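Asks: Starting off with a structure, shown below.
The values are calculated or read from the model by the stated rules, or taken from the named source; none is laboratory data. Everything quoted here is computed from the prediction, not taken from an experiment. FYI the Cβ positions are ideal-geometry reconstructions off the backbone, even for glycines, and counts take in every protein chain you see. Accessible surface areas use protein heavy atoms only, side chains included; no ligands, DNA or RNA. Shrake-Rupley method; radii C 1.70, N 1.55, O 1.52, S 1.80 Å.
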Amino acid sequence: MRLLVCGGAGFIGSTFARQRVREHGDEVTVLDKLTYAGREENLRDLADDRSFRFVRGAIEDSDAVAGALAGADAEAIVNFAAETHVDRSIADPDAFVATHALGTYVLLEAARERELRYVQVSTDEVYGSIEQGTFTEESPLAPSSPYSATKAGADLLVQSYFHTYGLPAVICRGSNNYGPYQYPEKLIPLMILNALHGDQLPVYGDGMQVRNWIHSTDFARAIGHALEHGHAGEVYNAGGPDEEANIDVVRRIIALTDASESQIEHVKDRPGHDRRYSLSSQKVRALGWQPRMRFEQGLAETVGWYRENSWWWEPIRSGEYRAYYERQYGRALG
Ligand code: NAD
Ligand code: TYD
């Protein structure tokens, strides 16, 4: 297929682009604004591939979108482009509204005009928190942060384009991802790099919040299944095989890095912090997908990747991220 992958310079989008070029023989054009989280380094190994192109531009810029689609001669749009960090959405929601609402609208209009297939990449966070049981595609949307609320808004807009205009669109909602190339503002890479550097390990509140972990290669494959086999107008949840409390994730990372339990510091809880996420994946499993990576193995491999790829994270840890860290955690990185 010929694909326009929006937000493909980020963590999961770059994983998806790599998979589609290498394993499916697709022609992939990435359109990405290169925010603080978007990095061409994430696509370094694809840069010289004839099946791959990179275009810098924002999804809310209709001219940039039109140009990228023409250059790609695209048959489908897969939209990963987003602001993705809950804590940043609490501190400054502005870009979340612009990218998720306006950006998604511009892409939907472009897809409608050209009769393209459309995949919206979304999150389990649109369902809110669940103390017991698991969310299905039928669960009501009850987002609680500016991040998840604007993602839910984008999902509703996508569904309206199917109902109103017959746009062949699907939505794929993932649970918490982990793996190589994840920006170290998120729990797992933050804890790995802090553990390796002897920094504090800042656990929000009691650390008993539970997340449902999926390896980024598994989520990327689920999105590929939704793209190839999903029915227009449908939502597909892709949850990982394992759930774990944050404090236990941190303890695993301590064991894998030979860090010390004394580095753990319980810090002020996140406002409106969702207690637990859990996602059933029966519908996407019926399309032939299943997760391949269990958390124990995937986490060990991820720690190994961060150990071996300092070229990737050193520029981050010495740049803007330091100022962000100080604002968020009230102390400097060591
Ligand atoms: P990320 O923050 O690593 O990457 C986001 C990418 O989008 C970056 O390359 C950034 O430059 C780009 N971008 C942001 N705004 C843009 C704009 N206006 N125009 C063009 N490009 C823009 O995020 P990620 O973790 O790879 O997440 C990708 C998608 O998957 C998001 O839609 C997110 O909501 C969803 N998702 C993420 C997770 C997770 O755990 N990370 C879980 C489920 C769903
Ligand atoms: P995060 O990676 O931000 O993903 P999300 O909020 O989208 O689930 O956080 C995962 C969990 O880890 C969440 O419960 C918040 C918690 N957390 C900490 O305890 N400390 C931290 O420094 C961070 C970034 C997250």
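Asks: What is the one condition in (1) in contact with a strand residue (DSSP E or B) (Cβ under 9 Å, 6 or more places away or on another chain); (2) free of Cβ contacts under 8 Å to residues at least 12 places away in the same chain that GLU265 does not satisfy?
Replies: Status for GLU265: all satisfied but (2).
Asks: Whether any residue in the range 15-26 is away from ligand 2 (no atom under 16 Å from the Cβ), assigned to a loop (DSSP other than H, G, I, E, B), over 23 Å from TYR161 (Cα atoms) and out of contact with any helix residue (DSSP H, G or I) (no Cβ under 9 Å at 6 or more places or on another chain) is what I want to check.
Replies: Yes: the range 15-26 contains one or more residues that are away from ligand 2 (no atom under 16 Å from the Cβ), assigned to a loop (DSSP other than H, G, I, E, B), over 23 Å from TYR161 (Cα atoms) and out of contact with any helix residue (DSSP H, G or I) (no Cβ under 9 Å at 6 or more places or on another chain).
Here's the yes/no breakdown for (1) within 11 Å of ligand 1 (Cβ to nearest atom); (2) in a strand (DSSP E or B); (3) open to solvent by 10 Å² or more (accessible area, probe 1.4 Å):
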| site | (1), (2), (3) |
| --- | --- |
| LEU157 | no, no, yes |
| SER160 | no, no, yes |
| ILE188 | yes, no, no |
| LEU193 | no, no, no |
| VAL203 | no, yes, no |
| ASP206 | no, no, yes |
| ILE214 | yes, yes, no |
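Asks: In the list ASP269, ASP258, which residue meets the criterion of being touching a Phe, Trp or Tyr at 6+ places or on another chain (Cβ under 8 Å) and closer than 27 Å to ASP242 by Cβ?
Replies: After ruling out the rest, the residue left standing is ASP269.
Asks: Then there is this: Within the range 92-105, identify whether any single residue is within 29 Å of LEU187 (Cα to Cα), among the hydrophobic types (A, V, I, L, M, F, W, C) and not in a helix (DSSP H, G or I), and answer yes or no.
Replies: No, the range 92-105 contains no residue that is within 29 Å of LEU187 (Cα to Cα), among the hydrophobic types (A, V, I, L, M, F, W, C) and not in a helix (DSSP H, G or I).
Asks: For ALA220, all conditions in the list (1) open to solvent by 50 Å² or more (accessible area, probe 1.4 Å); (2) outside any strand (DSSP E or B) hold save one; what is the number of the exception?
Replies: (1)
Asks: Going through the range 249-292 one residue at a time, which ones are open to solvent by 80 Å² or more (accessible area, probe 1.4 Å) and not in a loop (DSSP other than H, G, I, E, B)?
Replies: Within the range 249-292, ARG251, GLU261, SER262, HIS266, GLN282, ARG285 qualify.
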